[in-house]
Structure formats: structure tokens, C-alpha cells
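Asks: I have a structure here, written as C-alpha cells, and I will follow up with some questions on it.
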Amino acid sequence: MVIKKNRSRLKAETPKGFRDYFGNEVIRRNKMLRTIEDVYFRYGFEPLETSAIETVEALGKFLPDIERPNEGIFCWEEGDDWLALRYDLTAPLARAYSQYRNKLPTPYRRYSIGPVWRNEKPGPGRFRQFYQCDADTVGAGSPAADAEICAMLIDTLEEVGISHGDYSIKINNRKILNGVMETIGLNDPNFHDEILRTIDKFNRIGLTGVYELLTEGRLDESGTYIKGVGLSDDQASRVINFLSVSASESDGIIDALRAIVGKSEIGLNGVTELEQITHLLAAQHYTSDQIQIDPTVVRGLGYYTGAVYEAELTFEITDDKGCHRQFGSVAGGGRYDNLIKRFTGQQISATGISIGVDRLLAALATKQQQTTDMMGPVLVTVMDRERMADYQTIVTELRNNNIRAEIYLGNPKSFGNQLKYADRRNAPLAIIEGAEEKVKGTVQVKDLILGAKIAETATLDEWRERPAQVEVKRQDLVTHVRTLLNRE
């Protein structure tokens with residue numbers, strides 16, 4: 001007889017660059033999403049849900065990872081079309097607004113919350129699927145629209161738990177950089193894009209690294225040579241001078257920027273817009289430690305045309321190597337007045353912000369030293385499987401009084417296993433009703449959180465003073481449980 005070999009089992013693993021999210025992680029994220037949504041809604045923005053799939057043509061070529069053409073998105077061919085998972089929430093907005101603009105108000109203010117996908121090289125904390133929270137105003141060309149977006153971003157960060165002093169909103173204007181390039185004789189749009197991508201690396205490689213990439217090139221950390229843009233030393237130095245502008249007050253920076261752009265009309269327009277934004281924010285009592293001008297902020301996406309902004313967290317964290325560093329950017333956005341023109345043939349002003357939810361959650365966990373555990377449900381234990389109806393009555397009564405609760409549905413033979421299950425579920429309380437309690441009309445309420453603390457630190461006398469398990473009358477169960485939960 002021939003014995004067939006068993007087929008190898010399918011390996012259970014997520015695709016590279018993706019991950020699964022369980023209970024408490026999802027709960028924390030959903031709580032943050034509700035907070036962000038409340039702020040957006042309070043500012044008068046209304047929700048929009050667009051399809052997760054768009055045509056490749058509608059998405060356009062705006063990913064920052066342009067060195068891997070056609071590989072930045074997940075796409076496939078279907079009939080005569082190429083379809084793709086959206087890589088952000090802005091390109092779908094441009095398509096949706098163009099499609100329904102005759103039915104929408106002008107300006108149109110919308111927010112969108114959902115996952116996006118990027119077919120880029122994954123790394124630590126860098127995944128191919130992640131959540132974004134966007135808010136955009138379409139059809140408003142005034143700098144007041146940009147100022148409002150910045151104000152809303154400040155309010156959002158503070159409401160999710162980032163304290164005043166632990167963040168900074170940095171703003172700039174693409175027109176100013178265009179003016180700088182105009183004054184040094186760089187009118188080729190291809191040069192503009194290369195210079196923008198180089199400046200966008202400032203936080204990683206510093207001024208020296210940017211200078212090297214603007215000229216002949218440099219060796220990266222691995223020793224690989226990266227070809228430079230090819231600017232002359234004088235041209236690169238003038239770009240570096242622009243990036244180095246700083247002053248204690250925004251008016252000082254404004255004056256310095258005016259001097260740098262000289263007579264460039266587009267550059268002067270950018271400086272004026274930036275000045276108006278800062279004055280409007282100051283009128284709303286936002287301070288220079290909350291928002292400041294930073295010429296190094298350019299944003300990597302190619303569709304920005306004017307004001308750009310970025311939210312950076314300023315508190316220090318300790319990375320995996322034990323080094324102290326700042327957490328970095330958690331949100332960014334800007335003005336994109338030409339994106340919708342691709343559909344309509346007419347220039348339509350637009351500006352908006354996108355918050356990276358996963359990075360913001362990680363920042364809060366680091367700042368507040370949160371654990372991944374959250375309080376689980378109250379567990380109703382099963383002492384006698386023949387009395388399951390009694391336990392169902394108890395758990396239903398708790399739920400009807402808005403108390404999260406569940407009944408143990410595993411094998412009830414071992415009470416110890418039920419308590420182990422309660423520990424894994426992070427249950428705060430266990431409800432016990434044996435045959436004796438049933439006859440007496442009582443239940444035992446075991447405080448699992450207090451019990452764990454007492455087991456670790458308390459003396460015998462303290463245990464007697466604060467018992468972790470008490471017997472209460474059956475009719476008093478809900479009141480007693482709510483009291484204990486409120487204390488926790």
C-alpha cells in the first residue's frame with residue numbers, strides 16, 4: 001500500500017508590510033477617530049466616503065516614491081481600465097468633487113476617515129496599509145481657508161491628548177521656493193521637482209546632506225552613492241540660505257523671505273499669503289509656540305501649489321537603540337489648486353490636512369506611557385452548567401444596565417481556568433453564583449484588579465481591611481458592580 005504524504009500546511013501569516021489589529025488596539029483607534037471627527041464636524045465640515053478603489057488615471061502620479069514608477073500603488077487590469085487601491089484621500093476627493101460638483105455647495109467642506117494603501121518598501125513602524133483623517137475645503141482661494149485648517153489641526157491635536165508645548169505646526173509656501181528658484185535661474189519644472197524632493201529629506205540628512213544632493217551627490221549611510229541634482233555651488237548655496245532663514249518672530253522671518261525672493265512675483269505672492277495666514281491665526285490667539293514659519297517644510301507630494309503645513313511632535317522619545325530623539329511628523333497638508341483641474345479643465349482652489357492616525361496613536365502611547373491593556377468585560381462565571389439560564393439572566397441584567405459583561409462559554413469544569421480566562425480578557429470583576437449563593441439569594445463579586453494589586457504588595461492585615469471578594473444580595477448586584485467599576 002502506498003502511503004501519500006500529507007500536504008504541507010498553509011502558513012498563517014500576514015503579507016509583508018501589513019498587520020492585524022486586535023481588541024484594545026482597535027478600541028483606542030476608534031476612540032481617537034471619534035475625537036478627530038468631532039473636531040472636524042464642529043468646524044462645519046461634513047463627512048464623505050469615497051470608494052477604496054479608483055482608476056489609476058484618476059489617482060495620478062503624485063506619490064513621493066517616484067523612483068519606483070508604477071510600483072507605489074496596488075493596481076490591476078480590468079477590461080480596458082487599470083484600477084488601484086487609493087494611496088491617499090485627496091485624489092479621490094478631487095474625482096468625487098468633479099463628478100458631483102453641480103450638486104455640492106461652493107466652497108465644499110468635507111472630511112474623510114479611512115484606510116489607504118501604498119505599495120512601498122515596508123520598515124519599522126511603516127506599513128502598506130494605514131488610516132488617515134483628512135479635512136479639505138474646495139473652492140476657497142483665500143489664505144483664510146489655510147489658516148482655518150491650521151487652527152483646526154491645533155485643536156485636534158490638543159483634544160486627542162497632545163499637550164500645549166509638545167507639538168508645533170510648521171508652515172511654508174511652495175510659491176516662495178518657486179520664487180527662490182526663479183531668482184537663481186532655475187525655470188525647468190523637472191529641476192523644481194528634484195529640488196523639492198531633496199529639501200523634503202532635510203529632517204533626515206540635515207543642511208549639509210541637502211547641499212550635497214543639490215550639487216554633485218553624496219554617499220548614504222550604507223555607502224551607496226546617490227547622484228545629485230547638479231546645481232552649481234552658488235545656486236545650491238542660495239537654496240540653503242533660504243532653508244536657513246529663522247527669526248524669533250514671524251514678522252522677522254517674513255522680512256527675510258521678502259529679501260530672498262527679491263523681485264520674483266510668485267515668490268512675493270507666497271510671502272504675502274504666509275504673512276496673512278500668521279496674522280489670522282494670531283487674531284484667534286494661537287501663539288508662536290503652537291505655529292511657526294519653517295522654510296524647510298515643502299511636503300513631498302507633487303500636487304501642492306501654495307501653503308504647506310506639517311504637525312511635528314516636539315517631545316523626546318527613546319528609540320529601539322536607546323537613543324533620544326523627537327517623535328517627528330504626525331500630520332501634513334497644504335494647498336493644491338491644480339489637482340481638480342485635471343478633471344474639470346478649470347482651476348479650482350483647494351486646501352486640506354491629513355492626520356496619520358497610527359503614528360498619532362503611537363505618539364500618545366509613548367508620551368503617556370500607556371499599556372496596551374484596557375479594561376475588559378465583567379465575567380459571569382459558570383459554577384453549574386445545568387443552571388446556565390440563571391447565569392444568562394445575570395449577564396443580561398448587567399448589559400441592560402450598560403455594563404459590559406460576558407458569560408464564560410468554555411468548559412466550566414475548572415474554576416481556575418475560568419479565572420485564567422478572566423485574566424487574559426483583563427476582566428475587572430468576576431461574578432460567582434454557586435448552589436449555596438443561589439439558595440441564600442446572594443452572589444460573590446470578585447474584584448480581580450484589586451486582588452492582583454493586593455497579591456503583589458499588600459500585607460495580611462491590608463487584605464482583611466480591603467477584601468477582594470465580597471458577598472452581596474442578588475438584587476444589589478448591579479449597584480455594587482457599578483460602584484467598583486467607577487472606582488477602577
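The values are calculated or read from the model by the stated rules, or taken from the named source; none is laboratory data. Given the structure is predicted, the values throughout are model-derived calculations rather than measurements. Cβ coordinates were reconstructed from backbone atoms using ideal geometry, including for glycine residues, and neighbour counts include every protein chain displayed. Note: accessible area is taken over every heavy atom of the protein model, side chains too, but ligands, DNA and RNA are not part of it. Shrake-Rupley method; radii C 1.70, N 1.55, O 1.52, S 1.80 Å.
Asks: Largest first, what is the accessible-area ranking of ILE113, ILE253 with a 1.4 Å probe?
Replies: Ranking ILE113, ILE253 by accessible area, largest first, yields ILE113, ILE253.
Asks: So what is the relative contact order of region 286-439, in percent, for Cα pairs below 8 Å that sit 6 or more residues apart?
Replies: 17
Asks: Further question: Quick one, what does Rg over Rh come out to for region 170-243 if you take C-alpha atoms and the Kirkwood Rh?
Replies: 0.95
Asks: Moving on to the next point. Taking all protein chains in place and a 1.4 Å probe, what share, in percent, of the accessible surface of the chain do carbon and sulfur account for?
Replies: Whole-percent figure for carbon plus sulfur exposure: 48.
Asks: For Cα pairs less than 8 Å apart in space and 6+ apart in sequence, what is the mean separation divided by the residue count of the chain, i.e. the relative contact order in percent?
Replies: In percent, rounded to a whole number, it is 14.
Asks: Quick check: pseudo-label points 7 Å beyond the Cα along Cα→Cβ at SER246 and SER142, how many nm apart are they?
Replies: Computed distance between label sites SER246 and SER142 equals 3.5 nm.
Asks: Give the Rg (one decimal place) followed by the Dmax (whole number) of region 122-275, computed from C-alpha coordinates and expressed in Å.
Replies: When restricted to Cα atoms, region 122-275 yields Rg and Dmax of 17.9, 47 Å.
Asks: Here's another thing I want to ask about it. Classify region 79-137: rounded, prolate or oblate, from the alpha-carbon gyration tensor (a ≥ b ≥ c, eigenvalue square roots; a/c under 1.5 rounded; otherwise prolate if a/b is larger than b/c)?
Replies: In terms of gyration-tensor shape, oblate.
Asks: May I pose another question? Convex hull over the Cα atoms of the chain, averaged projected area in nm²?
Replies: Mean orientational projected area (the chain, Cα hull): 36.1 nm².
Asks: So how exposed is ARG126, as accessible area in Å² (1.4 Å probe, rounded to 10)?
Replies: Result for ARG126: roughly 120 Å² accessible.
Asks: Name the long-range amide H neighbours of ILE291: under 5 Å, sequence gap of 5 or more, or other chain; modelled H, no Pro or chain starts.
Replies: ILE169
Asks: Spelling out what I want: for every residue of region 148-161, take phi, set θ = phi - 60°, compute 6.51 cos²θ - 1.76 cosθ + 1.60 (Karplus), and round to whole Hz; glycine and proline get x.
Replies: Once rounded to whole Hz, the list reads 5, 4, 5, 4, 5, 5, 4, 4, 5, 4, 5, 6, 7, x.
Asks: For ASP38, what accessible surface area do you get with a 1.4 Å probe? Give it in Å², rounded to 10.
Replies: Estimated to the nearest 10 Å², ASP38 gives 100 Å².
Asks: At what distance in angstrom do the alpha carbon centres of region 249-320 and region 79-104 lie from each other?
Replies: Taking the Cα centre of each part, region 249-320 and region 79-104 sit 30 Å apart.
Asks: Related question: So if R0 is 25 Å, what FRET efficiency would ALA389 and PHE415 give, r being the distance between their Cβ atoms, rounded to the nearest 0.05?
Replies: Computed FRET efficiency for ALA389 and PHE415 comes out at 0.80.
Asks: Need one number: nm distance between label points at VAL439 and ASP80, each 7 Å from Cα along Cα→Cβ, rounded to one decimal.
Replies: For the pair VAL439/ASP80, the computed spacing is 8.3 nm.
Asks: Let me ask something else. Would you tell me the accessible area of LYS473, worked out with a 1.4 angstrom probe on the heavy atoms of the protein chains, in Å² to the nearest 10?
Replies: Accessible area of LYS473: about 120 Å².
Asks: Ignoring ligands, DNA and RNA, what accessible area per residue does region 113-250 give at 1.4 Å, in Å²?
Replies: Counting only protein heavy atoms, the per-residue value for region 113-250 is 44 Å².
Asks: Calculated FRET efficiency, THR208 and ILE27, Cβ-Cβ r, R0 51 Å, to nearest 0.05?
Replies: The value I calculate is 0.70.
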